[in-house]
1. Write down the radius of gyration of the protein assembly as shown and its Dmax, each obtained from C-alpha positions, in Å.
2. Using alpha-carbon positions, what is the distance between the centroids of region D:1-73 and region C:322-398, in Å?
3. Just to confirm a number: summing +1 for Lys and Arg and -1 for Asp and Glu over residues other than B:TRP68 whose beta-carbon lies under 14 angstrom from that of B:TRP68, what do you get?
4. Length gain on complete extension for the stretch C:GLU88 to C:THR566, per 0.36 nm per residue less the alpha carbon to alpha carbon distance?
5. For helix C:167-185, what angle does its Cα long axis make with the longest principal axis of chain C, in degrees from 0 to 90 and rounded to 10?
6. Return the distance in nm (one decimal) between the two label points of a simple spin-label model at A:ASP136 and D:ASN54, each offset 7 Å from Cα along Cα→Cβ.
7. For a Förster distance of 25 Å, can you work out the FRET efficiency between the beta-carbons of A:ILE169 and A:VAL59, rounded to the nearest 0.05?
8. Which whole-number percent of Cα pairs in region C:358-494 have a distance greater than 27 Å?
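FYI, it's all coordinate maths here, none of it is from the lab. Computed from a prediction, not measured in an experiment: that's the story for all the values here. Here the Cβ positions follow ideal geometry from the backbone for every residue, glycine too, while neighbour counts run over all protein chains shown.
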Amino acid sequence: MGEEVLFWVMSPFAVLGALGLVFARKAVHGALSLAVTMITLAVFYIAQEAPFLGVVQVVVYTGAIMMLFLFVIMLVGVESSDSRVETIRGQRGSAALAVLGVVLLLTTVTVRATLPDEPTGMAQATPDGNVAGIADLIFGTYVWAFEVVAALLITAAVGAMTLTHRERIFHRPSQRDQAIRRFREGRPEDAAGLPVPGVYARHNAVDTPALLPDGTPSEASINRVLVARGAARSSEEFSHRPTPGDIEAGTSETLSSAEGADQPEGETDEPAAAAPELGGDDDATGGERA
Amino acid sequence: MTFPWLTTLIALPALGALLTALVPSGRGTLAKQVAIGAALVTLVVGALISLQYLFDIDMGVEAETYEWIPEFGASWALDVDGISLALIALTVLATPIVALAMWREAEDETRDPKAFFALLLSVEALTLTAFASRDLLLFYIVFEAMLIPLYFMIGMYGGPQRRYAAVKFLLYNLVGGLLMLAAVIGLYVQSVDAGAPSFFVPDLVALDIDTDTQRWLFLGFMIAFAIKAPLWPFHTWLPDAAAEATPSNAAFLSGVVDKVGTYGMIALVLPLFPDASREFAPAIVVLAVVSIIYGALLAIGQTDMKRLIGYTSISHFGFIVLGIFALTGEAASGATLYMVNHGLSTIALFVIVGFMIARRGSRQVGDFGGVQKPAPKLAGVFLFAGLSGLALPPLSTFLSEFLVISGTFLRYRPAAIVATLGIVLAALYILWLYQRTMTGPVRPDVEGMADLRTREAVVVAPLFALILLVGFFPKPLVDVIDEAVEPTIVEVDVERPEPLAPVAEPVEEGTGR
Amino acid sequence: MTSTFTTLATAVAAEAEHGGGQAAVEATGVFSLTWLLIAFPLLGAAVLLLGGRRTDKVGHLIGCGASIASFVMGVVLFAAMLGEGATERAFTVQLWEYFNAGGYQVDVSLLLDQLSMAFVLLITGVGSLIHVYSIGYMEHDERRRRFFGYLNLFVAAMLLLVLASDYLIMFIGWEGVGLASYLLIGFWQHKPSAAVAAKKAFVVNRVGDMGMVLAISSMLAVFGSSAFEVVFASADGASTGWVTAIGLFLLLGACGKSAQFPLQSWLLDAMEGPTPVSALIHAATMVTAGVYLIVRSAAIYDLAPDARTAVVVVGAITLLMGAIIGCAKDDIKKALAGSTMSQIGYMTLAAGLGPAGYAFAIFHLLTHGFFKANLFLGAGSVMHGMHDEVSMRRYGGLRIMMPVTFVTFAMGYLAIIGIPPFAGYFSKDKIIEAAFADNWIVGICTLLGAGITAFYMTRLMLMTFFGNRRWQQSEPPHESPSVMTVPLIILAVLSVVGGFGLLYLGADIVDWLAPVTGEEHHDLPMPLALLITITLVTVLAGVAVAWATYGRRTVRADVPAGNALTVAARNDLYGDAFNEAVFMRPGQYLTRSLVYIENRGVDGAVVGTATAVGGLSTRLRRWQTGFVRSYAVTMLGGVGVVVLAMLLVRLP
Amino acid sequence: MSPTPYLVLSVILFSIGAAGVLTRRNALVAFMCVELMLNAGNLAFVTFARMHGNLDGQMVAFFVMVVAAAEVVVGLAIIVTIFRTRRSASVDDASLLKL
C-alpha cells in the first residue's frame, strides 16, 4: 500500500523534473531538474526491490554523470540560452507528430497488455540479497559482457582524452614573448600588462574591476564567466569620484577654462554609463541568432 | 596427360596481355610487337585445333574438365563443337588483323598504346573462353568480365563522346548480365532440386524443366543475349559505341565480341530451354525481322560513316537471330556461318573506313567525294568490302544470308519475304555510301589523299582471301557447323517441314530426316 | 517462196513433246572441259584487275585473248555436240560439292545442252567482237585495262549463268552479271550521272534478285533441292499454287535483269556507260538472261498457265512501252535502248506462249544479239566520229562521211524492222505467228509493235545519216579506224545471214532446241501467207510515216515541243517519276523519321530512364537537411513504424 | 502494486526526452534529454525485472548505465571540441554533413 502512495507522490516530481529539463532557458537549470528526476527514479528502483540499482543510480548516474554535465555546462555553455523561435521549417510539427505517435503507441500497448496485478517480487530470485544476486550474474553468466563493457569504458576515456587534447601546433608563446609582442604590436596604453582584478586600496576581490591610470575600470580584468553570470560588481561605484577637495580644485579650474571643465567631467561619468551591459561580447555562446 | 590444347589457346592471349602490359611504358612499338606476336601464336594454335575439326586430322584436341568449385559443381570445362570452333577460328584470326590495323591508330593518342593492345588481348582471351566453355558459371563470369576491358577500350581511346558511349555500353550490358545472373541461379536451383547440383551444360540440358519456369529462365538468358547481340529494342548502344570507339576497336567489338550473344542463343538457350524457345520463336522472329529492316533503313539515313556501319551490323545481327529462331537445319547453320562471315566483312569494312577517316580526319560522309581518283586501290578495296557487306553471291556472306532466308522460308514464309527486302536495302546503303564517298567530282580537300599503303593491304588481304575462299569452298566449314547444329535443332524437337511435293525417285532425297 | 519454207517447218514438227525430255548424262571427253569456258575469262579478269600497272600496256590484248579463247572452246564444244545424237546432247560436269546444310545439298556443276550451247556461242562470239571493237573505242582512256578486266568478269559471270545446272549456282552468275553491269555502267566514275545510273541499275536488279531468292527458297520448300533435274522432274508433283508462285517469283527476277515492265527504269539510264558496254550487256547478253531463265524453267511454266499469261502480259506491255519511248528519244543510244527494251518484250512474250514460243524466243534472241550489237556499235562509231556528240539533232547526212558505218548500220536497220531476207524478219515473224496462234489481242500488240519499231528505226536512220547537216563542231566527222569497223562488218553479215541461216540451213534452230524446250504448234486463225503480208504492210506503213515526218521536212536542230505522248515518252512514260513518287520519296521520308524516332524514341527511352533516376536522386537529396534534429525526427518515426509493425505481426 | 503505472511513467519520461531532443537546439540539453530517455528505459527494465521476478532486467539496466556513462564521456568530449572550434554549442550549426 505504501508503495502506491510513494509512487503517486514521487512521480509528479519526476515528470516535473523532466519538463523542467526540456523547458528551462538556461542549461544549468535543466541539468538540476534532470538530477531531480534521476533521484526520484532512484527511489522508485529501491521501491521496486532493486536497491543496488537505486544506489548506483544516485552514485554513478546522478552523482558522476550529471556532475560531468554540469562541469561541461560551466566550461562551455553557461550563457547559451535558447530562444523559443524554431529555425528548421516544420520541425516542431513533425516532432510533435512523431512524439505523439510514439506515446499513443506505447501507452495503448502498456494499457492493453495483460500484466499481473501483483509482481512476483524478487524474494525468490535473490535468496541471499540483491547485491549478491547481481554479483553472481555479473561475474557468472554475464562475465563476458562485463569484460567488454570494461574495455568500452577504457576506450571511452581514452577517446575523450584524444578528442579534447589539443596538439600545440604552434609555439606556445612564453611570458617573455608576450611581453615583447605587447610592446611591439599592442596598444601603448596596455603595454604594461593588463590590470589585475581588484582595487588594492580597498578591494582585491575577483569580481571588482581594476582601475586604469586614468581612473576608468578595465573590462579585461574580470573573468568573462563572472560577467556572463552577472556576478561582476558594477564598476561605477569604484570609478574615481571627485572628493570635496577635487571639487574645489575642479571648480577653480572650471573658472579658468570654461570649456575644458566638462571634458574631464564628461570623461569620468561617461565610462560609468558605458559599463558593459551583461551579456556576452566576443564569446557569447549560443547567443540568439536570427 | 595429353596436351591441354584449349587451355593453352586461352592462356596464350592472357599471357600476351600481361607481357604487353609489363613492357616499360616508353617503348610503344615493342609493346605492339609483343602483342601482335602473342596474337599470331594464338592464331597458330587456333589453326592447329581447327585442323582436327575441319579436315579430321587427329591433333589430340579433346574436352578438358578440371574441378573448380566442387561444392557448386562448377568446373573449368572446355570443349569445342562445330559452332564454337567456327567462332574461335574467327576470333583467333581477327585479333592479329585488328591489332595490326590498330598500329597506326594507337599512335596519335596521347596515352601509351600498350594499354590498348593489352586490353585487346585480354578481351580475346575472355571471348575464347566464352566460346569454348561448357560450364555455365564460367560462361557467365567471362560474359560479364568481357565488359570491363571493353569499357576501358571504348572509354580511353576514340572519338569526342567516347565516355558517354562507354558508360552506355557498360550499363546496357550489365543490366542484361544481371538478368542472366538471376536465370543462371534459377537454373542452378533447378539442378539442385533434381538432385545433382552442377553447372555443367550437358547435365543442365539433361534436366527437364517444366515449361513456365523454362519461360522465365529463357527470358533471363534471352534478354541478356539480345542486348549483347543487338536485337531491335536493345540496340541503341551499338551505334554510339561503333561511332565513338576507334575503328579497329569497333570492328573487334561488333565483328567478334558481339557474337558471344548469338553464340549464347544457339549453343545455350536452344538446348537448355527447348519448349520455351519453341514458344517464343515467333515473337523473336518478328523482332529479328524488325531489326533487319530498321537497321538497314537507319543505315541509309546516317551521315556518320562508322555509325552507318554500326547500323548495318544491327541489320546483319537481325539475320543471324532470324536464322537461329527459324528452328530449321538450313537456317541454323546459315546463322552460324553468318556469324563468321559477318565477322570477316564487318571487320574489313570498319578497318577500311578507319583508313579513310585517318586520312581525311573526319567521320562525316559529306567530307569525302571522288576518292576514287586519287586513291583507286583504296576505293577498290572499299568496294570489295562493301560488296561482301551486301552479300554479293560469289562472296561468303551471300551463302549464309541465302541459307537463313531459305531456312526461314520453310517455317515462317512472311518473315522470309520481308527479310528478303533486307538484301535490297543492303544494296542501297552500301552503294549510296560508295557513291557519295568514292565517285563523282574529286573534292579539293580529298585531292592529296594517299592510296592504300602496304601495311593496310596486309591487314585487308587475309580477310578478302578468306571471304573468297569461304565463298567458293564453304563445304568444310558448313559440314562442321551443320553437324553441330543438327542435334541442337533436333533437341528443340521441332520437326523439319517436309518438302511439299513427293520427290520423283531419280534423285534420292538428301540425307533422310 | 517464203511460205513454203514455213509450211515445211510446221510439217516436220513432232507432236507436242514435253520439254526437258532428254536426261543429262555425265560429261566425258571434251565436254568435261566445259568449265574452261568460264575459267578463261575469269582468269583474264583476275590477271587484269589484280595485275596493277604492269599489265597496262598489254591489258586489252589479254582481255581479247581470254574472250576469243573461250569462243574457240565454245566452237569446239559445239562441233563435238553436233556429232552427238539429237536427243543425247545434254552433259553435266560435276565440279565440287558446294555445301550440304540441313538436308539442302547443292553441287557446283555445269549443264551443257543445246540451249546453253546457243547462248555460249552468242556470248563468246558477240563478246569477242565487242572486245576487239572496244580496243579502238577505249584507246584514249587511261583505265582501259580495268575496262577489259570488267568485260572479262562479265563474260565469265554470264557463262556461269547459262551453264549452271542448279538455280543457286545460276543465281551466283546472275548477281555476278549484275555486279559487272554496275562496274561497267559506272566506269566513268568522275561523272556523277554515271555513278547514279550504276547504283540505280544495281538496286533495281537487286529487287529482281529478291524474286530469285524467294523462288529458290520456295523450290527448297517444295522440292527439297534447287537442282534443275530434281525441280523439273518433281515439278508436276507440286501443287499448282506453289508452281505458279515459283513462276511469278522467277518472272520478277527476269524482269529485274531484262528490264521488263515493272523494273525497266534502269535500262535507259544504263546508257551512261561506254558504248561497247551498252552493246554487249544492255543489248546482246545480260538483258536476255531473263528470257533464258524463263525458257530454262519451261517445265515450271508449262504447269503454271497463269504464270505464263503474266509473262505474256509483261512482254506485251514492255514491247509497247519500249517502242513508244524509242520514238521520242533524241539521244541515239537511248533510242536504241528503247528498241532493245521492246525487242526483249517480244522475246518474253514469245517465251510466255509456252512450248510453241520458246524456240522462237531464243531464235529472236540470237538474231537480236547480232543486229542490236551491230546497231549499238554503229552508233558507237558515229559518236566516236562526232567526238562523243550524242544527240541526233546534231547529226544529219553522215552517210557520205562514214560510208562503212552507214552500210553496216543500214544492214542492222533492215534486220530489226523485219524486211524479208534479213534476220529480223524470220525471228520476229515467227513470234507474231505464234502470238496470233495464241490469241488475238497479243497478236495485235506484236503487230503494232512491229509497226512502231519500223517508225522509230527509220526516224533514227533519217536523222543520223540523211537530211540536212546539223553538225556544230569544227572539223568534219571521220570514219572510225578499221579495228572498229571490222567487227561492224562481221556483225552486219551475221544480221543478214543469221535469219534464214539459223532457221533453215544446217541445224534448224527449232529442231536444235526441241529436246530442251519441246515443240508445239497451234493452228493459225488465218492463212500464213495473209499474216505475213499484213506484217509487211504494217512495217512499210511505219517506214512511210517516218519518212514523211523526217525524210521530207528538214529536221530541226532544236528540240520541238511535242504533244502529250511525246513529252511522256521523253521522260520514259513517267517510269522514273512513278518510282520516285512511290518508292524513293516515301523511302527517304521513312528513313528520316526512323532516324528521328531512333534518337528520340528508343534512345530517348534509355537515356530518359537515366535522367529520371538522376532527377529522383536530386529530390531525395533535398530531404537530407544536415540538421541533427530532423534526422532525430526520422529516427523516432522509424522507431514508431517498427514498433507498429511488430505489433501488427504479433497482435492476435 | 501493478507495474502499469510505472510503465506509463516510463513512456511519459521517454516521450518528454524525445520531445526535448527534437526541439532544443542546445547540444548539452539535447544530450541530457537522451540521458532522460535512457533512464525511462531503465525504469521499464526494473519494473519488468520485478514483475517477472528475474534479475536479468536489473542486469540490463546496470549495463545501460555503464554504457550511458561511456556515451556521456565521449559525447561531451565531442561537444567540447565542437565548441572550441566553432565557439557555439548549438546543434544546428554543425549542419555541413549532407549531400
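1. Values for the protein assembly as shown (Cα only, Rg and Dmax): 50.4, 176 Å.
2. 111 Å
3. -3
4. Additional length available on full extension: 166.9 nm.
5. Roughly 80 degrees, rounded to the nearest 10.
6. 1.5 nm
7. 0.05
8. Details: 2485 of 9316 pairs.
The proportion of pairs with Cα distances above 27 Å equals 27 percent.
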